[in-house]
Amino acid sequence: MRYDHDWDPRLEALEPLPDLEPLTPEGEADESAPPRRRWIKKRYVAAGIVAVFMLLIGWLAITAPLSRSLQPIAPPSITLVAEDGTPIARKGAVVAQPVKLAELPKHVPEAFIAIEDRRYYRHWGVDPIGIARAAWRNMAAGGVREGGSTITQQLAKGVFLSNDRSFGRKGREVLIAFWLEAWLTKQEILERYLSNVYFGDNVYGIRAAARHYFSREPEELTVGQAAMLAGLVKAPSRLAPTRNLDGARARGRVVLQAMADAGFISAKQARAEPPVRLKVRRESNMPTGTYFADWVMPAARDQAGAVYEKQEIPTTLDIRLQRLAEAAIRRGSIRGAQMALVAMRPDGRVVAMVGGRDYADSPFNRVTQARRQPGSTFKLFVYLAAIRAGMTPDSMIDDKPVTIDGWTPTNSDKKYRGRITLRQAFALSSNVAAARLAEQVGRKAVIQAARDLGVASPLADTPSLALGTSGVTLLELTSAYAAVAGNNLPVRAYGLPKEPQGWIASLWNRPKRLSSRERDMLLDLLSATVQRGTGRGARLAVDAFGKTGTTQDARDAIFVGFAGDLVVGVWVGRDDNQPMPGLAGGGAPARAWRDFMSHAIPGAAIQAPEPVENPEPVIQVDENGINGSIDVGPVQFGISTDGDGVRLSATPSDSPPPPRSESRAPPPEEPGPDEEPPQEF
């Protein structure tokens, strides 16, 4: 048997060996690699691309939600109205409802497409051809003459991005443009663009622009009007037709020619279009800011929410009382000093606010922003703590010098009256009596009394606490007095009407109240101050209650009080906190308070007596000599004789003539700056 040495039958039972991968020079691709390995590599690459894409989608969903493209770019206009509906201030941009493309004449969107993005319906958010064309024309012109951004990119930039010119922002703009094109139709993108684009004069969106410049709706725009509005987009501030009508008309002509070049209108129609005439809808000449408007605007914006249409937000301001407050500040102002006034109802509803002499000169609100020392007006809390400790207005306190922890308070007039009642000490604003009283009842009790009446500012637990050395705002201080006036504590001042509470909420939020004893005694003290104490300059023809306050070196002077259904605080001082010699709470602040209240509350003004046309002297002659008087207008002149000679006197005609005296009375002593002469209590 012959055997072929080149063949072995056992080899037939073995599987064929796999093809060996041929050796290739380093760095060269192996085209003969098996298909399985090449497919695995492509799968990893695809997975990486998908992962990056998903990350981008997630980032866009967080940073640029689609809902934002339907929100106004600028805060919408908010008009604040007084409680009677009178507009008092307007803030924010002019924005109106979004437009629907199907409801607009076709020449309106065509005007914007012709001048801003002629290939709008043929690209996916970014137009390479448009970019190349703009770049070529800019190179030929030697500068930037034309932009390459599409309408989609402009929407992305306006809604989602800032105006910086960085490469990163441009990259995000492109990504957002692709995203908008993927999720919205062309009609939806154009609607959102037209509803947000800026047209100058603080006007956003084509509906607001049509109303502002032409007093008509965008559905009624003519071809020329649509062309002018489309032309404003390039430079809205510079081309706003209210300031540059010729420039706006010239730009509108460019848009008409672009519409003709795009085939939207004929060249003849573009040439025949007449010049556009404006019919500007002027807003009322109301201020964009006042002291009161600045105070309530943050809450008003929260109440308005994210809406397009301008909104009217009702407030608690009373137009009549606001004008009276402004007039009182004008009449009572002191050269070199600022003045502030706030008036509220006992429940905290602010009806008038003047934060300074002139808002245009200084919008700083001295009612709500300035934290100044309240001086003796803080003694209300000291005496409330004393009443809670069992004292009464008839309780006695020493009006004598005292030293507490190395601190020695003094009375403003440097006089001390010895043993006096709490009523006298409060009405005459004795500093040493208040300091003694605070130490007697405990400073923590005084701080607690202030907290109960609504004072939230930090209060230093020091001996001088009783004299009002811790700063508070005038609004905060007046609210505390409102708590006494309405016996509803604490009172929180508010400028927007409160929503009515349900009965469950009203039970849960029941306010605290002073006891009848506490309130009656506080009213006793506050009345004594106005009738016979340092607040006599605030007296009215109706019951009035209040307290004066003058800080060290006459840096601040305050009067806070209430009458009828009004609680009013007045402050006078300098912004630089410099002393003003002679300034006192019983002076300019009390007079301004009385001026305001006399006009605000019917029957509150003290009427001067009617002048006597033909005065007749009343003369008596008896064994004691001559005694008589004659009325001349509001003054009654008296004459009398006694052993010392002839005496002449002059008194208000509504007062009885002075009694005769056997001896000449000594001249009255001059009262201190925050004090009236002692009276009978």
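Each reported figure results from applying straightforward, stated rules to the coordinates on display, with no laboratory input. Bear in mind that the values here come from a model prediction, so they are computed numbers and not experimental data. Ideal geometry is used to build each Cβ from the backbone, glycine not excepted, and the neighbour counts take in all protein chains shown.
Per residue, how much space in cubic angstrom lies within the convex hull of the C-alpha atoms of the stretch 326-600? Show your work: numbers first, answer last.
Details: hull volume 34.9 nm³, N = 275.
Normalising the Cα hull of the stretch 326-600 by residue number yields 127 Å³.
Would you mind calculating the gained length between Arg277 and Ser516 on full extension (0.36 nm times residue separation, minus the Cα-Cα distance), in nm to one decimal?
Extra length from Arg277 to Ser516 when fully extended: 79.0 nm.
Residue by residue through the stretch 113-124, which ³J(HN,Hα) values in whole Hz follow from phi under the Karplus form 6.51 cos²θ - 1.76 cosθ + 1.60 (θ = phi - 60°), with glycine and proline marked x?
Along the stretch 113-124, the couplings run 5, 5, 9, 9, 6, 5, 9, 3, 7, 10, 10, 10 Hz.
Would you mind calculating the gained length between Gln552 and Arg419 on full extension (0.36 nm times residue separation, minus the Cα-Cα distance), in nm to one decimal?
Values: separation 133, 0.36 × 133 = 47.88 nm, distance 2.47 nm.
Extra length from Gln552 to Arg419 when fully extended: 45.4 nm.
Most exposed first by the Cβ proxy, i.e. fewest other Cβ within 10 Å, how do Thr410, Thr152, Thr469, Thr290 rank? Can you show the working numbers first?
Numbers: Thr410 13, Thr152 29, Thr469 17, Thr290 23.
If I rank by nearby Cβ atoms, fewest first, I get Thr410, Thr469, Thr290, Thr152.
Per 0.36 nm of contour for each residue apart, how much would the distance between Ile129 and Asp565 grow if the chain were fully extended, relative to their Cα-Cα spacing? Working shown, then result.
On the way: separation 436, 0.36 × 436 = 156.96 nm, distance 7.30 nm.
Between Ile129 and Asp565, full extension yields 149.7 nm more.
Using a 10 Å cut-off around each Cβ, can you sort His599, His107, His212 from fewest to most neighbouring Cβ atoms?
On the way: His599 17, His107 20, His212 24.
Starting with the residue having the fewest Cβ neighbours, the order is His599, His107, His212.
Once R0 is set to 45 Å, what does the formula 1/(1 + (r/R0)^6) return for the Cβ-Cβ distance between Ala327 and Thr410, expressed as a FRET efficiency to the nearest 0.05? Let's see the in-between values first.
Numbers: r = 38 Å, r/R0 = 0.83.
Efficiency at R0 = 45 Å is approximately 0.75.
Please report the projected area of the stretch 431-546's Cα convex hull averaged over all directions, in nm². Write down the numbers at each step before the final one.
On the way: hull surface 37.2 nm².
That works out to 9.3 nm², a quarter of the Cα hull's surface.
Sort Trp407, Trp295 so the one with the fewest other Cβ atoms within 10 Å of its own Cβ comes first. Kindly include the intermediate steps, with their values, before the conclusion.
Numbers: Trp407 11, Trp295 22.
Ordered by Cβ neighbours within 10 Å, fewest first: Trp407, Trp295.
Measure off 7 Å from each Cα along the Cα-to-Cβ vector at Tyr44 and Leu245, then give the distance between these two points in nanometres to one decimal.
Reported label-point gap for Tyr44 and Leu245 is 7.2 nm.
Determine the alpha carbon to alpha carbon distance for each of Lys379/Lys547; Lys100/Lys186; Lys234/Lys279; Lys400/Lys547; Lys100/Lys234 and list only those over 20 Å.
On the way: Lys379/Lys547 9 Å; Lys100/Lys186 12 Å; Lys234/Lys279 22 Å; Lys400/Lys547 22 Å; Lys100/Lys234 23 Å.
The answer is Lys234/Lys279; Lys400/Lys547; Lys100/Lys234.
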